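The values are calculated or read from the model by the stated rules, or taken from the named source; none is laboratory data. Every value quoted in this text rests on a predicted model; they were computed, and no experiment measured them. Cβ placement follows ideal geometry from the backbone for every residue including glycine, while neighbour counts extend to all protein chains displayed.
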Amino acid sequence: MDFGIRGKTAAIAAGTAGLGFATAQALVNEGVRVAICGRDETRLGNAISELGDNAVGVMCDVSTADGARSFVTSARQALGPIDILITNGGGPPPGDFAHTPEHEYAAAVEKNLLSVVAMCYAAVPEMCERKWGRVVAITSVAVRQPIANLILSNTARAGATGFLKTLAREVAVHGVTVNSVQPGIHRTDRITQLYGDNLAVAATGVPAGVIGEAADFGAVAAFLCSDQAKFLTGAQIPVDGGAYAGLL
């Protein structure tokens, strides 16, 4: 299927590895020119080399609102007006209520909520002016079903989901869609670090019986950027092999 986005531009936060990189690769395969960011110069260079001529790299840390805003500005300078925005970033430290100091919430909210807000403010108004745009946020299934010992991430990402749902309803009339993709467990460097060769343990509780492949996740995210997905907005889509058990 031709997604109808060849020649479009995309800014993909934290796109040097894992699900961000897989999304960048899927969009490049569709003929999209992409800008990705990362904090490690070597990793960023390697990712750009693998993505090819349609990719540029930006050294940037999107864990703060200022850094997130700076990334979109740099991506626009490199590519021109941004058609597609992929918000993404690592989560805050683990912890439960009893062992998480109150002062740690502000940094978590900035990392996983305010950075998303900043990127949208930097990119979405121009999308509205051009009457076409796609925003896809990589969040977590924790938004639907909070994950134990991740109270900071659960809190901040839920806030981001509320913002994105509200934004989706406001900008739909301008031809801009806003959706979230909620990953379960996928084969990424992080999962390999945690489980080593024993990935069967990581798949415990996943009805599909296996963990996901990053490339498959990237294909879902890329479809949400397609012309065919123009009537799909305000959705939160779990990509988790059936792990989420709720009806809604």
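Computed quantities for the displayed model
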quantity: Qualifying positions in the range 87-135 - farther than 23 Å from LEU27 by Cα, aliphatic (A, V, I, L, M) and either buried (at least 22 other Cβ atoms within 10 Å of the Cβ) or touching a residue at least 40 places away in the same chain (Cβ under 8 Å) (or both); calculated: ALA108, VAL109, LEU113, LEU114
quantity: Residue count for the range 227-248, restricted to those that are under 16 Å from the mean Cα position of the chain (by Cα) and closer than 26 Å to THR9 by Cβ; calculated: 6
quantity: Set ALA55, ALA47, ALA14, ALA35: member being closer than 17 Å to ASN112 by Cα and in contact with a Gly (Cβ under 9 Å, 6 or more places away or on another chain); calculated: ALA14
quantity: The range 1-44, residues that are hydrophobic (A, V, I, L, M, F, W, C), buried (at least 19 other Cβ atoms within 10 Å of the Cβ) and part of a loop (DSSP other than H, G, I, E, B); calculated: PHE3, ILE5, ALA13, ALA14, ALA17, VAL32
quantity: Members of the range 106-133 found to be under 15 Å from the mean Cα position of the chain (by Cα) and of a type in the set (D, E, K, R), listed by number; calculated: LYS111
quantity: Where a residue in the range 169-188 is without any contact (Cβ under 8 Å) to a residue 40 or more places away in the chain and its partner, wherever it lies, is charged (D, E, K, R), with Cβ under 6 Å and at least six apart; calculated: ARG187/GLU213
quantity: Meets criteria (of a type in the set (Gly, Ala, Ser) and surrounded by 16 or more Cβ atoms within 10 Å (Cβ to Cβ)) for ALA245; calculated: no
quantity: Out of THR166, THR177, THR161, THR188, sole residue that is under 15 Å from the mean Cα position of the chain (by Cα), β-branched (Val, Ile, Thr), surrounded by fewer than 22 Cβ atoms within 10 Å (Cβ to Cβ) and closer than 17 Å to LEU232 by Cα; calculated: THR161
quantity: Extreme residue, modelled with the lowest pLDDT, among residues of the range 215-248 that are under 18 Å from THR188 (Cβ atoms) and among the small types (Gly, Ala, Ser); calculated: ALA243
quantity: Selected residue [within 21 Å of LYS131 (Cβ to Cβ) and touching a residue at least 40 places away in the same chain (Cβ under 8 Å)] from PHE21, PHE3, PHE71; calculated: PHE3
quantity: Among residues of the range 93-115, those that are under 21 Å from SER70 (Cβ atoms) and in contact with a Leu (Cβ under 7 Å, 6 or more places away or on another chain), counted; calculated: 1
